[in-house]
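A short write-up of the structure that comes next.
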Amino acid sequence: SAVISQKPSRDICQRGTSLTIQCQVDSQVTMMFWYRQQPGQSLTLIATANQGSEATYESGFVIDKFPISRPNLTFSTLTVSNMSPEDSSIYLCSVASGGSSYEQYFGPGTRLTVT
Amino acid sequence: DQQVKQNSPSLSVQEGRISILNCDYTNSMFDYFLWYKKYPAEGPTFLISISSIKDKNEDGRFTVFLNKSAKHLSLHIVPSQPGDSAVYFCAASNIQNKLIFGAGTRLAVHP
């Protein structure tokens, strides 16, 4: 399985500011995903990020709020823009294993607290 | 709407006994099911999966059972060990290969 790292591991941010989360993979992968886990809740897919194309956002998530970059096959960023306390969550990136997206491997997550 | 449901938020099991975690789903188009384990401050770790064309998949102490007619799957851990204490998420893959997760079940294995 791929080794995935995320930066920062945690941050406390003020309302109205933006935070960019980085996701680095130790091997080239086609499909990368960004999830959010709000306190006490399950993981919710924010968007799918494929290299060379625009990210595909799930219902309820928009590019202006969560812009994503995917400059190459080992790296992606997720920005949480104009943050509010409701954005306090764990943000996770994941990659699909091999040629299938069925099995996904997750990074350690970024714990974001917005005050 | 919750397409994947884990109705038990927590489960407590004695070490050495069997742990059974349950998951129900509503969408008959799901074609792949997975279980993930999550420790605090870590990302979910893939545990075991099963294709919708099978009814059982086994990997060491972990077995997943799928009952398509009941839209139900379960994860059996036997024997349970204290290191198995974690939150377990059931997930289903839809036709677009996107994972939909349940709310999770917190398993506590006590000596």
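Data table
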quantity	calculated
Selection from the range A:4-63 of residues that are of a type in the set (S, T, N, Q), in a strand (DSSP E or B) and within 13 Å of chain B (Cβ to nearest Cβ)	A:Ser5, A:Gln6, A:Gln37, A:Thr44, A:Thr48, A:Asn50, A:Thr56
Which listed residue, of A:Ser97, A:Ser101, A:Ser76, A:Ser89, is at pLDDT below 90, surrounded by 20 or more Cβ atoms within 10 Å (Cβ to Cβ) and on the phi < 0 side of the Ramachandran plot	A:Ser101
From B:Lys98, B:Lys68, B:Lys54, residue being more than 12 Å from the chain's Cα centre (by Cα), more than 10 Å from every other protein chain (Cβ to nearest Cβ), surrounded by 14 or more Cβ atoms within 10 Å (Cβ to Cβ) and farther than 21 Å from B:Pro111 by Cα	B:Lys68
Flag for A:Arg10 being charged (D, E, K, R), at pLDDT 90 or above and surrounded by fewer than 16 Cβ atoms within 10 Å (Cβ to Cβ)	yes
Members of the range B:23-32 that are at pLDDT 95 or above and either under 29 Å from A:Ile4 (Cα atoms) or of a type in the set (Lys, Arg) (or both)	B:Cys23
Where A:Thr110 falls short, out of the listed (1) under 12 Å from A:Arg36 (Cβ atoms); (2) within 11 Å of another protein chain (Cβ to nearest Cβ); (3) surrounded by fewer than 20 Cβ atoms within 10 Å (Cβ to Cβ)	(3)
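The values are calculated or read from the model by the stated rules, or taken from the named source; none is laboratory data. None of the values given here were measured: they were computed from a predicted structure. No Cβ is skipped: glycine too gets one built from the backbone with ideal geometry, and neighbour counts run over all protein chains shown.
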